[in-house]
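Working notes, structure below.
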Amino acid sequence: MARTLRALRRVLLAPDLTEVSFARRGFAPLPANDPATRLEDVPRAVVCGFEWAMEAHDTHGVAHRLDLLDPEQRGFGYEGATMAFTILDVMGRGHRTRELLNGPGRPHVLLAYIGIGFAMARLPRAMWRKVLPDLTGQPFHPVMSWLAVDGYGFDLAYFHTRRWVDEQRVPASYPWQGAPAYFPRAVDQGIGRALWFIHGARPERVDAAIRGFAEHRRPDLWSGAGLASAFAGGCGADTFGTLRRLADQHLPELAQGAVFAIRARDLAGYVPEHTAVAARVLTGLSVEAAVALADDSAVAEGQAGPVPAYEQWRRAIQAHFLPEGSVPR
């Protein structure tokens, strides 16, 4: 019976591999030899992680399967596994997500928060208060739990592109971490991240899409684009250079997103070549210097006042890339 219920939940709540392809989503086609085609491996890894977790008997069982993924894609597998465990926990009052992230998933915790956001996109808002596990003692908790809201925004844009990208809908607020006014901004960071995939790592198309949004939303969208490009890649130094040039006044946000991506890759123990290139081109820093900047800029929960510590952290990183005398937006 338990196996039947898991199979039913998998069918009802997760897209299959064909559903996440760029062609099925209606994104612009890419030439067969284009490096951006590797971006399609990302949603496939997420789906595999989801399905494996839905079928797993315990966290170590799914971890053994996730170890089969290429190190470059493994974190995305943990996104999918966390999505599945979050849904199972909320429906069955278990603690799979906490066990995963305090165990084998700990190095991938920043991406795992995004997986929680994918689960939020498939759960009623009334259940959202149950989605975040207690990870007391982890250095990024609960400050970086805003990445769950980012993941929610990514899911909206990736699967409902017309509404959230073409029509630039604004999501209703939600009191995540007691900051309902900040919720739409974190969603926009996820939408910006999705634009890198939707537009196949084409900076000109990403720039045009961001320009279609209200001006006050653009900084967060550029931050998301920076995170996605540095983490997922799909391009080389010249394309990163074009992205930096087009960001123009939003370079601090673009670079801050890239710094977050570099920190997440370093935490997971594997920094692919494209992330090192992104560090150099988008931030002007080495991987080691970008990690140090992220860590030195961190703000502890409870020190931020009315502004979430997550946003305070973002601003501190952005300040590094601002002209002298300027302040983050």
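Suppose the filter is among the hydrophobic types (A, V, I, L, M, F, W, C), out of contact with any Pro (no Cβ under 8 Å at 6 or more places or on another chain) and without any contact (Cβ under 8 Å) to a residue 12 or more places away in the chain; does Ala181 pass it? For Ala181, the condition - among the hydrophobic types (A, V, I, L, M, F, W, C), out of contact with any Pro (no Cβ under 8 Å at 6 or more places or on another chain) and without any contact (Cβ under 8 Å) to a residue 12 or more places away in the chain - is met.
A search for C-beta distances below 7 Å between a residue of the range 188-209 that is at positive phi and any residue that is outside any helix (DSSP H, G or I), counting only pairs 6+ apart in sequence or on different chains, returns Gly200/Phe27; Gly200/Ala28; Gly200/Leu30; Ala201/Gly234; Ala201/Cys235. Can you spot a residue in the range 116-138 that is touching a Gly at 6+ places or on another chain (Cβ under 6 Å) and within 30 Å of Gly26 (Cβ to Cβ)? Yes. On the basis of being in contact (Cβ under 8 Å) with a residue 40 or more places away in the chain and open to solvent by 10 Å² or more (accessible area, probe 1.4 Å), does Gly224 make the cut? Against the criterion (in contact (Cβ under 8 Å) with a residue 40 or more places away in the chain and open to solvent by 10 Å² or more (accessible area, probe 1.4 Å)), Gly224 does not qualify.
Scanning the range 232-264 for residues being more than 21 Å from Ala319 (Cβ to Cβ) and in contact (Cβ under 8 Å) with a residue 60 or more places away in the chain gives a total of 5. Among the residues of the range 42-95, those identified as touching a Ser or Thr at 6+ places or on another chain (Cβ under 7 Å) and farther than 20 Å from Gly269 by Cβ are Phe85, Thr86, Asp89. In the range 277-286, of all residues being in contact with a Lys or Arg (Cβ under 9 Å, 6 or more places away or on another chain) and not polar (S, T, N, Q), the one that is surrounded by the most Cβ atoms within 10 Å (Cβ to Cβ) corresponds to Leu282.
The conditions of being surrounded by 20 or more Cβ atoms within 10 Å (Cβ to Cβ), of a type in the set (Gly, Ala, Ser) and closer than 23 Å to Pro323 by Cα are met by Ala247. If you go through the range 40-95 and keep only what is hydroxyl-bearing (Ser, Thr, Tyr), more than 19 Å from Pro272 (Cα to Cα) and buried (at least 24 other Cβ atoms within 10 Å of the Cβ), you end up with Thr82, Thr86.
Put simply, of Gly117, Gly105, Gly137, Gly151 the only residue that is modelled with pLDDT under 95 and either of a type outside the set (S, T, N, Q) or within 17 Å of the chain's Cα centre (by Cα) (or both) is Gly137. Looking at the range 157-175, I want the residues that are farther than 12 Å from Ala121 by Cα and have a partner that is assigned to a loop (DSSP other than H, G, I, E, B) and of a type in the set (D, E, K, R) with Cβ atoms under 9 Å, at least 6 apart or on another chain. Which pairs are those? Cβ pairs passing all conditions: Arg163/Arg169.
Taking the range 24-48, which residues are under 30 Å from Glu99 (Cβ atoms) and without any contact (Cβ under 8 Å) to a residue 40 or more places away in the chain? Across the range 24-48, the qualifying residues are Asp41, Arg44, Ala45, Val47, Cys48. Take the conditions within 20 Å of Ala258 (Cα to Cα) and assigned to a loop (DSSP other than H, G, I, E, B) and apply them to Phe154. Does it pass? So Phe154 fails the test.
If we scan the range 297-318, do we find a residue that is of a type in the set (Val, Ile, Thr), open to solvent by 30 Å² or more (accessible area, probe 1.4 Å) and closer than 30 Å to Ala32 by Cα? No: the range 297-318 contains no residue that is of a type in the set (Val, Ile, Thr), open to solvent by 30 Å² or more (accessible area, probe 1.4 Å) and closer than 30 Å to Ala32 by Cα. Among the residues of the range 112-144, those that are without any contact (Cβ under 8 Å) to a residue 40 or more places away in the chain, crowded, with 19+ Cβ neighbours inside 10 Å and assigned to a helix (DSSP H, G or I) comprise Ala112, Tyr113, Ile116, Ala119, Met120.
The values are calculated or read from the model by the stated rules, or taken from the named source; none is laboratory data. Since we're looking at a predicted model, the values are computed, not measured. Methodologically, a virtual Cβ is constructed for each residue, glycine included, from the backbone with ideal geometry; neighbour enumeration extends over all protein chains shown. The area values use the complete protein model at the heavy-atom level, side chains included, leaving out ligands, DNA and RNA. Shrake-Rupley method; radii C 1.70, N 1.55, O 1.52, S 1.80 Å.
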